[in-house]
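A quick write-up on the structure given underneath.
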Amino acid sequence: MKPFAIAGIQMEVSAQKDNIATMEAYAAHVRHRFPWVDMLLFSELAAFGPGIAHAQPMPGDAEQRLCEIARRYGFWLIPGSLFEACGDALFNTAPVIDPQGTVVARHRKLFPFQPYECGITAGNEFVVFDVPDAGRFGVSICYDMWFPETTRQLVAMGAEVILHPTMTDTIDRDIELSIAKASAAINQVYILDINGVRDGGAGQSIVVDCAGYVLHQAAAAGAQIIPVEIDFAKVRRERETGIRGLGQPLKSFRDSALMFPVYRKEAQDMAYLNTLRALDKPGTTDDAPASGPGYAA
């Protein structure tokens, strides 16, 4: 098996202009400075920032420009995500582009950051893909990681690395760092959680290996290139022998006879959750209990 390396790009993102030319400049720089890197991972919505004005179909012009970058510099490219216009729906979508410039998969964000990421439709498919002679990768976007079932499902589908573009500029970034570390250890998987800066987030991108060790955490300010080599042999060894030679959580989860009632939404165990109020911004609703679908009247 040949070595495989990924460069996470913590980039300054502008919400006022097209950032794709800047992304190409990073691709050219990484190819020259770190010729051993095989894949680039940018932050969520890196191409245009958080506005929906540049939403477009996929395939579309912006995605094609990104495909050309991947082909020109010979990288696997996960360019963060773009707002995808699909009929009347908008998705937050991360394309996966191979070194020939072909889109091999698209991940639609499963959990838009409601009630703040308004008007974005949730995806409903889990995305994994294989890199020949390397391993299997899974994709999730930002708020997806707050729901541990998303990472668990990708790992159950064989993912050895989770590629996780995010755009977090809020005071909960420290919680996300804890989630990344815990998720990597619980699922015995590499997690590359790449955030932007300026309009693209509060930085602090983090790379965690399959034993829960932090390989790198970037600063909160400033752009940074984070090249890391993935040790697939370590992932496979630790999944067989235990994390740091100790617990074997994937096998324990597989072998457990326990069925979790909370996943049956009609079950009585869900009664408490149904007493919570509607999913609205605080201060925008009165104190009446929610009465819509899924809520107790």
Quiz item: Any idea which of Phe34, Phe91, Phe75, Phe48 is modelled with pLDDT of 95 or more and in contact with a His (Cβ under 7 Å, 6 or more places away or on another chain)?
Solution: Phe48
Quiz prompt | Residue list for the stretch 1-58, restricted to those being among the hydrophobic types (A, V, I, L, M, F, W, C), assigned to a loop (DSSP other than H, G, I, E, B) and closer than 20 Å to Gln217 by Cβ | solution = Met11, Phe34, Val37, Ala46
Practice problem: Kindly provide the set of residues from the stretch 222-234 that are surrounded by 13 or more Cβ atoms within 10 Å (Cβ to Cβ) and either modelled with pLDDT under 95 or out of contact with any strand residue (DSSP E or B) (no Cβ under 7 Å at 6 or more places or on another chain) (or both), ordered by number. | Solution: Asp231, Lys234
Self-check item: Unmet requirement for Lys251, which otherwise passes all of (1) in the same structural domain as Ile20 (by TED's automatic domain parsing); (2) charged (D, E, K, R); (3) more than 17 Å from the chain's Cα centre (by Cα)
Solution: (1)
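Conditions tested, residue by residue: (1) hydrophobic (A, V, I, L, M, F, W, C); (2) touching a strand residue (DSSP E or B) at 6+ places or on another chain (Cβ under 7 Å).
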residue	(1), (2)
Phe4	yes, yes
Ala27	yes, yes
His32	no, no
Pro35	no, no
Leu40	yes, yes
Gly49	no, yes
Met58	yes, yes
Quiz item: Among the residues of the stretch 141-154, is there at least one that is crowded, with 24+ Cβ neighbours inside 10 Å, touching a helix residue (DSSP H, G or I) at 6+ places or on another chain (Cβ under 6 Å) and not charged (D, E, K, R)?
Solution: yes
Quiz item: Which pairs do you get when a residue that is among the aromatic types (Phe, Trp, Tyr), found in the stretch 34-61, comes within reach of a residue that is not in a loop (DSSP other than H, G, I, E, B), reach meaning Cβ atoms under 6 angstrom, with the pair 6+ apart or on two chains?
Solution: Phe34/Pro227; Trp36/Ala5; Phe42/Ile9
Quiz item: Which residues, counting only those in the stretch 262-280, are surrounded by fewer than 12 Cβ atoms within 10 Å (Cβ to Cβ) and assigned to a helix (DSSP H, G or I)?
Solution: Val262, Tyr263, Gln268, Thr275
Quiz item: Among the strands (runs of 3 or more DSSP E) confined wholly to the stretch 81-141, which include 1 or more residues that are among the hydrophobic types (A, V, I, L, M, F, W, C) and either over 18 Å from the mean Cα position of the chain (by Cα) or farther than 21 Å from Met157 by Cβ (or both)?
Solution: 82-86, 89-97
Quiz item: For Ile175, which of the numbered conditions (1) outside any helix (DSSP H, G or I); (2) surrounded by fewer than 18 Cβ atoms within 10 Å (Cβ to Cβ) fails to hold?
Solution: (1)
Quiz item: Name the pairs: first residue in the stretch 11-23 and touching a residue at least 24 places away in the same chain (Cβ under 8 Å) and assigned by TED's automatic domain parsing to the domain that holds Leu45, second residue assigned to a loop (DSSP other than H, G, I, E, B) and of a type in the set (Phe, Trp, Tyr), Cβ to Cβ under 7 Å, at least 6 apart or on different chains?
Solution: Asp18/Phe48; Asn19/Phe48
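Quick check on the stretch 190-208. Is at least one of its residues part of a loop (DSSP other than H, G, I, E, B) and more than 19 Å from Ala46 (Cα to Cα)? So that I can check it myself, show each step before the final result.
At the first step, the residues of the stretch 190-208 found to be part of a loop (DSSP other than H, G, I, E, B) are 195-196, 199-205.
When the remaining residues are screened for being more than 19 Å from Ala46 (Cα to Cα), the result is none.
Among the residues of the stretch 190-208, not one is part of a loop (DSSP other than H, G, I, E, B) and more than 19 Å from Ala46 (Cα to Cα), which makes the answer no.
The values are calculated or read from the model by the stated rules, or taken from the named source; none is laboratory data. It should be emphasised that the depicted structure is a prediction, and the values quoted were computed from it without experimental measurement. Glycine gets a Cβ as well: all are built from the backbone with ideal geometry, and neighbour counts include every protein chain shown.
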